[in-house]
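Working notes, beginning with the structure itself.
Where a number appears in this text, it was derived from the coordinates with a stated rule and is not lab data. No experiment lies behind these values; they were computed from the predicted model shown. FYI the Cβ positions are ideal-geometry reconstructions off the backbone, even for glycines, and counts take in every protein chain you see.
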Ligand SMILES: NC(=O)c1ccc[n+]([C@@H]2O[C@H](COP(=O)([O-])OP(=O)(O)OC[C@H]3O[C@@H](n4cnc5c(N)ncnc54)[C@H](O)[C@@H]3O)[C@@H](O)[C@H]2O)c1
């Protein structure tokens, strides 16, 4: 198969990470041929590639068949639409857009260009641990899912991180905080594993432990149409953090924590047991099993390889771009719930949230200081 010629727009943390594994040929079927950054210093190390200072020059260059859009969130929508209209396939970084109305605009442009592939960079979907959990849930091994609980607080970020980019953690530049940036990966996993809840009620701290105007601590309650309930807790202000996902079904409980999946399997369905037991204090017998999975880390490269296979061979995408609206809606809905002190029903009216966000932008008084960060090992930032 001829490799797909790809360009990257936005050569910051994640853009450079994509360039690294693509140049090392770790994503078969993808050839990086061009890069684009509005910051010329970010292009200096890519002398062997075509380099562009403006996205429209890369998009119209004829050098690429596809682009990875790795700019700050708001531009995912505008650049995604521009690339689709120029006939390119698009791989959009998470979140696919900063808010649901923009996500709908991007999705509608993708639907107008059905021959072009629209992928989203949700690498957790390629991780063996989540694939294993999903397979156990789909196979009925857990019975009917009744509850989920995710303490997902292992996203610690320093003040230096928040000062490192003018766009970060501002309503105008980013459109949200931990929900839309770090924990968005996990919200996508919630959407992918459980489907979209029918209602959310959340409590958020804006600038709880950092000098920022957006949310950095969240506790959210969710309800699904079939009665399943869930709690999702996240923050960038807690160390050491926790990453514990607990899923209860009528046939037992699954716990993912510390690189281990354990399954406490009921001998009989717990609700059936409750209905039929003659004893008031009896519980179903259960046994415990460790569920094996291969411990490979998050794989941006495998999402890119799959993107190329979708373009060349029509293979189904691991993370279709359209699916990205689920996590954006969850992030927006939780924030709206906290801001307005109300329960939000999903699907949410995207225009209501867009207007609320515009108000936050208009009323913002936060003064942001931007400080260049020392060079860090960015790959340390990837969490599961
Ligand atoms: N999938 C992941 O694991 C992952 C990890 C980190 C970031 N991201 C996502 O990637 C995006 C970028 O995050 P980051 O941490 O790399 O940000 P960053 O600030 O480090 O980099 C963004 C870069 O985009 C450039 N840029 C801005 N506007 C541009 C334009 N119009 N044309 C060309 N270049 C432009 C900036 O100069 C900057 O270098 C965000 O949406 C973020 O959510 C995803």
*Would you please classify the overall shape of segment 88-230 from the alpha carbon gyration tensor, given that a ≥ b ≥ c denote the square roots of the eigenvalues, rounded means a/c under 1.5, and beyond that prolate means a/b larger than b/c while oblate covers the rest?*
oblate
_Inter-probe distance in nm under a simple model that places probes 7 Å from Cα toward Cβ, at residue 159 and residue 203_ = 2.6
*Nearest 10 degrees, 0 to 90: helix 184-194 Cα axis against the chain principal axis*: 50
*asked:* For residue 147, project a label point 7 Å along Cα to C-beta. Then give me every residue of segment 251-265 with its amide nitrogen under 17 Å of that point.
replied: 251-256, 263-265
*If each residue's Cβ is checked for other Cβ atoms within 10 Å, how do 133, 233 rank with the fewest at the top?*
233, 133
*Using alpha carbons only, how many degrees (0 to 90, rounded to 10) separate the axis of helix 324-340 from the longest principal axis of the chain?*
70
*Length gain on complete extension for the stretch residue 211 to residue 242, per 0.36 nm per residue less the alpha carbon to alpha carbon distance?*
8.9 nm
*asked:* As an exercise, use a Förster radius of 30 Å and the Cβ-Cβ distance of residue 231 and residue 356 to find the FRET efficiency, rounded to the nearest 0.05.
replied: 0.80
_When the expected Rg is taken as 2.2 N^0.38 Å, what fraction or multiple of it is the alpha-carbon Rg of segment 318-384?_
1.52
*Net length gained if the chain between residue 26 and residue 370 were fully extended (0.36 nm per residue, minus Cα distance)*: 120.4 nm
_Test of understanding: ordering 334, 137 by Cβ neighbours within 10 Å, fewest first, what list do you get?_
137, 334
*Taking neighbour counts of Cβ atoms within 10 Å as a proxy for exposure, in what order, fewest first, do 253, 275, 134 appear?*
275, 134, 253
*Fraction of antiparallel bridges per DSSP, the chain only, in percent to nearest 5*: 60
_Rounded if a/c under 1.5, otherwise prolate or oblate - segment 1-134, Cα gyration tensor axes_ = rounded
*Sorted from largest down, what three extents in whole angstroms do the Cα atoms of segment 171-261 have along their principal axes?*
45, 30, 19
*With a 10 Å radius around each residue's Cβ, average the other Cβ atoms per peptide and rank 57-66, 254-263, highest first.*
57-66, 254-263
_Degrees, to the nearest 10: 100-111 long Cα axis against longest axis of the chain_ = 70
*Classify segment 109-182 as rounded, prolate or oblate from the Cα gyration tensor: take a ≥ b ≥ c as the square roots of its eigenvalues, call it rounded if a/c is under 1.5, otherwise prolate when a/b beats b/c and oblate if not.*
oblate
*Taking the mean number of other Cβ atoms within 10 Å as a proxy for protection, how do you rank 33-45, 120-132, 283-295 from highest to lowest?*
120-132, 33-45, 283-295
*How high is the FRET efficiency between residue 54 and residue 134 when r is their beta carbon distance and R₀ equals 25 Å, given to the nearest 0.05?*
0.05
*Rg/Rh for the chain, where both radii come from Cα atoms and Rh is the Kirkwood radius*: 0.99
_Starting from 0.36 nm per residue, how many nanometres of slack lie between residue 275 and residue 315 once their C-alpha separation is accounted for?_
9.8 nm
